[in-house]
Structures are given as C-alpha cells and as structure tokens.
1. Residues of the stretch A:178-219 that become at least 40 Å² less accessible with every protein chain present than in their own chain isolated, using 1.4 Å: which are they?
2. Keeping all protein chains in place, calculate the accessible area per residue for chain A (probe 1.4 angstrom), answer in Å².
3. Which one, A:5, A:34, A:70, is farthest towards the positive end of the dipole of the stretch A:1-112 when Lys and Arg carry +1 and Asp and Glu -1 on their Cβ?
4. Charges at C-beta only: +1 for Lys and Arg, -1 for Asp and Glu. How large is the resulting dipole of the protein assembly as shown about its Cα centre, in Debye rounded to 20?
5. Using a 1.4 Å probe on the heavy atoms of the protein chains only, list every residue of the stretch B:250-278 that has 40 Å² or more less accessible area in the complete assembly than in its chain alone.
6. Report the calculated FRET efficiency for residue A:206 and residue B:201 (r = Cβ-Cβ distance, R0 = 51 Å), to the nearest 0.05.
7. Beyond a 29 Å Cα-Cα separation, which of these cross-linked pairs lie in this structure: A:59/B:283; B:236/B:349; A:59/B:418; A:147/B:481?
8. Starting from the coordinates of the alpha-carbon atoms of the stretch B:29-144, obtain the Kirkwood hydrodynamic radius over all distinct pairs and give the value in Å to one decimal.
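The values are calculated or read from the model by the stated rules, or taken from the named source; none is laboratory data. Values in this document were obtained by computation on a predicted structure and should not be read as measured data. So basically every Cβ, Gly included, is an ideal-geometry build from the backbone, and we count neighbours across all protein chains shown. For accessibility, only protein heavy atoms count, side chains too; no ligands or nucleic acids. Shrake-Rupley method; radii C 1.70, N 1.55, O 1.52, S 1.80 Å.
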Amino acid sequence: MVALPNTLESIARWVAETPKIAVPSSQGWGAPISPQAVGVDLSTYSGILDFPVKDQIVKMRAGTSPAELQQALAAEGYCLPTLFPDLQPNQAPFEPLARSQTLAEAVAFGLPHAREAQTGSWREWLIGTTVITGDGEIVKLGSSVVKNVAGYDIQRLMIGSRMSLGLIVEVTLRVFPIAALPKSSLIVVREGEPGAIRRVLDSDFEAESVKPEVLAHDRNSGTVWLESAADQGPKDSWTHQKGTGIFEGDPVAKWMHRAKEKFDPHAKFNPGVWGIF
Amino acid sequence: MERSCRVAPIPGIVPEPDMKPYDPAAGITTLSQDLIRLLGEESVLAGQSAERAYDCDAYTVDRSRPAAVVLPNNTEEVAKVVRYCVKHSIPFTARGAGTGLSGGALPALGGVVISTKRLTKILEIDLPNRRMLAQTGIANKKLSDAVKHAGLHFAPDPSSQTVATLGGNIAENAGGPHTLKYGVTSNHVLGVTMVDPLGEIVTFGGKHFGGPEFDFVGLICGSEGTLGIVTEAWIKLTPLPKVVRTALASFDTIRGATETVAGIIAKGTIPAALEMMDSGILKAVSAAFGVTYPVGTQALLLIECDGDDVATVEAEMQAVREVCQSNNCLDIAMAETEADRAKLWTARKKGVGAMGRLAPSIVTHDGVIPRSKLPEMLDFVYRVAADAKVGVANIFHAGDGNLHPCFYFDDRDPEQVKNVVEAGEAIIRKCLDLGGSVTGEHGVGVEKIDLMPLMFSEADLRMQGKAKAIFNDGTLCNPCKILPNQKSCVEHKMRWRGMAW
C-alpha cells in the first residue's frame, strides 16, 4: 500500500503514471481487486478543508475518517445523520459508516444506515466531489452549495461506484443538525459480525426480520443485518455483499459497462471490484 | 439585440460534427402521415398552430418550431416514435407542461416534440411502503392530492406545481419552498422507466434508494431530458407533518433579514421553508391585494417549521424567534389557523404575479450562493440595479441561498434591455465569485449554456460530456442543451439571463 502525495496536482501526476490502481475497502467489501494493481492507502490524504457552519456544508479530503468528521461537526451541533451520536456499544457492528476507514470509502460503497428513511443518504448529502481521472485530470463534480442544477449530477454516479470510475480525492457534504435527529429503531437481536445488509420493503419487514440469520433490524429504514452474505441476494434488496451483486446479463450491467468505458476506458481503477469489469 | 453564444466550443466534449436544424422540406415528406400511422390521427399535431404553440417553453427568449408534435398514450408509443426518429435522423425533444424556465423543452433543432400530456395515470399506490408509480405527464400536485387521505405527499413543491409535470420535475430536478428541509426532486425519485435515445425501454431502481449498482437514477434526475425520455417513475411519498408553525418576520433593514437567515441555520435549525421578500415585492403585493405590513418594513422572512412533535417544532420556532429578535426584527406574526397561514404566505405566493403592476417587463434570475454570503450578495444586487438604472425586487428561497432577483423595466427601450442583460450577467458572475452556482432550480437548458464554462473547467465539462454519452452519444435526443458544444444550434436573439414572468 502506498501513501498518496499531498497535493491534488501531485496525486494527478501519480495517477496518470500508474497503470492500475487499487483502493481497497477497509472492510473487505466488494469482489477481489486484481493483485497487479498498486494499492493506495487513502487515509493518508485526510483533513477537513472547510466547514462553514452557516452554509451547512463541509468539505474534506477523501481520506478523512468518519469519526474525525463527526467529531468536528458535533462541535457545532451538526452531524451526518447516521446513528451517531446515539450509537450504543452493541450497535457498533451495525453501523457501516463507523466501521469504514475513510469518507471516500463510505461514498464509494454507498453505505446505508439506520436513519436513512427519515434523514436520507448519500444522494442527498453528497453535493460535490473532486475526482482524478485515469488521464490525471483533476475534475470537479457538483458544487459547494446546497442547491445546484448546473450540469449533470455526476457526483451521484460516484455513490456506490466502488471507486471504479475515478479516484475520489475530495468530498463536499451537506450536514444535518443533531437537534433534529429522529429516533432510531435499530434493534440488535443477537450480537455477531454482519455479512450483509439488506433493504426490504415495509410490507415484507415482518417476515424478513424474524428469519434466523437476522442479527439486527431497523423498522424505520426497512433494514436487516444478516449473518452471512449470499452471493446472489435478491436483486431488489440492498446487499452489502462480499461479492458483486451485479451479474452479466443483468439489464443494468450494460449501463455500468458503458459508464466504465466512458470514465475509465483503460480499466485503471479497482480492476475486479465489480466482478464484471 | 442580435447575437449568438460567445463561448468557443470546448474540444472533446461530444463529437457533433454537423448540428443543423431539421429541415422538414428536405426531410421526410411523409412525416405527419408516418407518425399518424404509428400512433393514430388523434395523437399527432402538425401545421402552423401546433408549430407556434410548441416553439418554446416558459423561457420565451429563444424559439424554434417543431415539424410535428406527438401525444403518445404510453411508454411503448414513446419508444415507437423515438425509434422512428432515430431511423430517419430526426431530432426529438420531450415536453411536459412547458413551464420550464431555461428552454429545456425547446425543440432547438426542430424535429418532433414528444409531449407527455396524455401520460397522466397513477399506475400503483403502495401506501404501506410509501411509494407510488405514476406516468410522468401527471401534474405534481395531483400526486400529493392522490395520497392526502393517507397523510402522505410528494414533497417537491415548485411554484408551478398545479401544472408542472412529474417528468418535467425529474428532468429539471425541481425544487420549491419546502426543499430546504425535504430536498429536491432527485431525493424523492426511487426509480424510473425511460425510453433511451435509441428507443429502447429501460428501467432503473424502483423500490429503495441505494443498491448494488451506480446511481443512474441520480444522474438521470436533472439531466434535462437529454439522456432519454422518462415515462414512468416510482416516487417516494413523505408523511405530512402533524405540526406546522408559520411565522412572518419583518425587518427594517435588508441586512437584518439576511443575517437572520444564516443565523437560523448556524443555530442548528433547519426550517421547512425560509423565504425572503424585499420592499419591492411588498410594494407590489400591497398595491395588488391591499395587504399591509409594519411601517418601515424593508424585508420579510417567511419561516415555517414542521414535524411530528409539538415540543420539537415549538423549540425550533423559539430558536427562530430568538435569532430574529437578535437581528432587531420589527415584528413576528404567527399563524394561528390555516387561514392565517395562507395569509402569511400571500406575499410569497403572489409576489411575482403582483410585480406585473410595476413595469411592462420583468426578468427573474436564478443563481445560488452560500447562504452566509446573502448580506454581501443582496448589497451587490441593489448596487448593480442602481448603476444600471433599472428596478429590482427580490423574492427567493433564502434558506437555500437560491436568489431570484427580478428586474422590472420597459423592454421597448433598447437601453434598458441592454442594462438588464449586463446587470443579470454581473449578478451570476458574482454568484460564482462567492462560490455558488449559475442555477439553483431553473436549469441550464439553452439559456445558460454559455455560462457553464464560468462555473466549470474544460476538464469538468469533458467529464459531463462523458456522463451524457453513457446514454446519449448522438445528436437527436434533445440537442443543444446543457453543454456548450453545439454552437450552430440556437442563435440567441436576445439573452436576458432570465425569464419574463
């Protein structure tokens, strides 16, 4: 694993010169990345760049840890509205954001959380990113204001991209007042290491939440945490899979291939992480 | 004032070698008959009256006549028309109610306008899971009306919501007064069925947010109809708040109001709505509706807090009151009843309409700044208007930092028109200088294409071109929008950087 250089320009040069780059998940999420790729430790590129409280936004380097971010926000009465700051010790395994090492990783895996139904998730929070392309271009996606419809919302395509469309180096988020946090309804059935997180419709919740493999459930956001990850979970569920979740022949795979061809034509970023390219 | 875009094409965005308007005389002579054969006579409009009726949306500065207009009844019919257009190289542009303010539904190269006017069905209401499947030609408000009995609503509430369609809301990623708390349209769209630019029917998402795939729904929202034609959408339904508190705070200085806006957010309170109106609007509203405000009022803030719990909402409102008082507000009127609430909203809802009394022409701009910069920005707006010798009034989504300065003037005077154009440009440039955006909710369309390079670098725009090309690497599906790469498209006759209401 290598550390990133400490300026955007030098990162861009390094990316341009490096044939294959791996930004692995700290939790082993996603399919195995090609061993030929040079591993990057994104946490070496961290730090909050700007937090103008009155503007309700925070801009940071992508390797900033969620814990550091939440602490800085809490000092001003704000947060990312996950279980923080009410996280109980036995709930920790069920809070993916607390487990992820960097903000970019959390965005890249589109991590769900237990207050999602009431407070939204990355599509609402992520208002801008800076990304390095395979050619070493520094590209700004989105904006730094809470409302913006100028151009295509490509920052949203980075959510759940598993860092396979470009290297996310800066992240700008909309933040949420702690005082307005809704109550969590997360219930831990039995302690254990969750292998998968699934989103289920409210109408299916009764049946899904009592299955023997369920470790925890949250009615408000329709989420269940399962003991083990099925390689082929139900397509319409959010599966925090060890594998891919997407298979050749799946209609969406065609569009994912198209996106990959346009953004990363030389398959430089995280080769293998999707299993399909 | 005749001129075309001044921005040179950005190399490498999208290869578009030959972007000529579709010439019906040189094209297929049987266009109308062919479309009638595909959809039936009652679904095709042609002739001069149709051409005139569909040559622009609510952005009337640029116009371009379509060769035909079709009114399909379902997704399959939309796909048939798109495939026909692709086969014969005819440009096509989707259109909802035509309330767009940046020319998103303008058939810039002519060709076929595909109207969603008949796609008005609600296909499924899933109350337990708080979601609804609807065709996209349905008016925004009808979505909420259909589930009001169950205590739910579709949260995006653009001012045009009685007519603006779901499809138009998705295309423009529409906002509204309550998006400060509830978020813009893309936060409420779970999935879409779309006819892609080649005429294939595709679906994305549907049940939940998130999933093991790229967030294509997030990309499609706000793409102004350039990635395909969304014909059906699963939308999220939001519980109606059980408690609503509405206040109207008056200030004797603009600064008092603008400082209050940032102060409320800094205190950790996000109201459901936080709207501002200045004395120009109040003058018009008072003249039109006889409403009075405290003597000396220079600015009003309409502040609404809502939620499920009285204590929480009251605590929020108390925090709001304290910030207002610390900024020396003249008065805070609280709504006790629904009728009171409607009265307090009068200036906000009827302000723009009432401005018709002030001058023959009004142009409303749309720009965004970080809300902490509101005091500085408003000072700038008044200074620019004074220098340009035109009137200005402000009515806008202050909580979002989304400005809508309205210039009022006489468009028969070329000098005034020139001054309004220059003043508008100065304001948008200032928005960018302060770290904002060229548009918060009206979209880029054709109106703001040549402002895009002020906000984005060439590399940024190339990336946007790649995003477009995932779905649309041709030149037929709603051409000449968003990206400044198609200079032959629209000769802008008069660019006011805004829209006459």
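1. A:199, A:201
2. Numbers: 9930 Å² over 277 residues.
Per residue, chain A has an accessible area of 36 Å².
3. Positive-most Cα among the choices belongs to A:34.
4. Working: 77 positive and 89 negative charges, 183 e Å.
Using Cβ point charges on Lys, Arg, Asp and Glu, the protein assembly as shown gives about 880 debye.
5. For the stretch B:250-278, once contacts with the other chains are taken into account, B:266, B:268, B:270 lose 40 Å² or more.
6. Working: r = 34 Å, r/R0 = 0.67.
That pair, residue A:206 with residue B:201, gives E of 0.90.
7. On the way: A:59/B:283 41 Å; B:236/B:349 25 Å; A:59/B:418 39 Å; A:147/B:481 20 Å.
Those over the limit are A:59/B:283; A:59/B:418.
8. Values: mean 1/r = 0.0670 Å⁻¹.
Result for the stretch B:29-144 stands at 14.9 Å.
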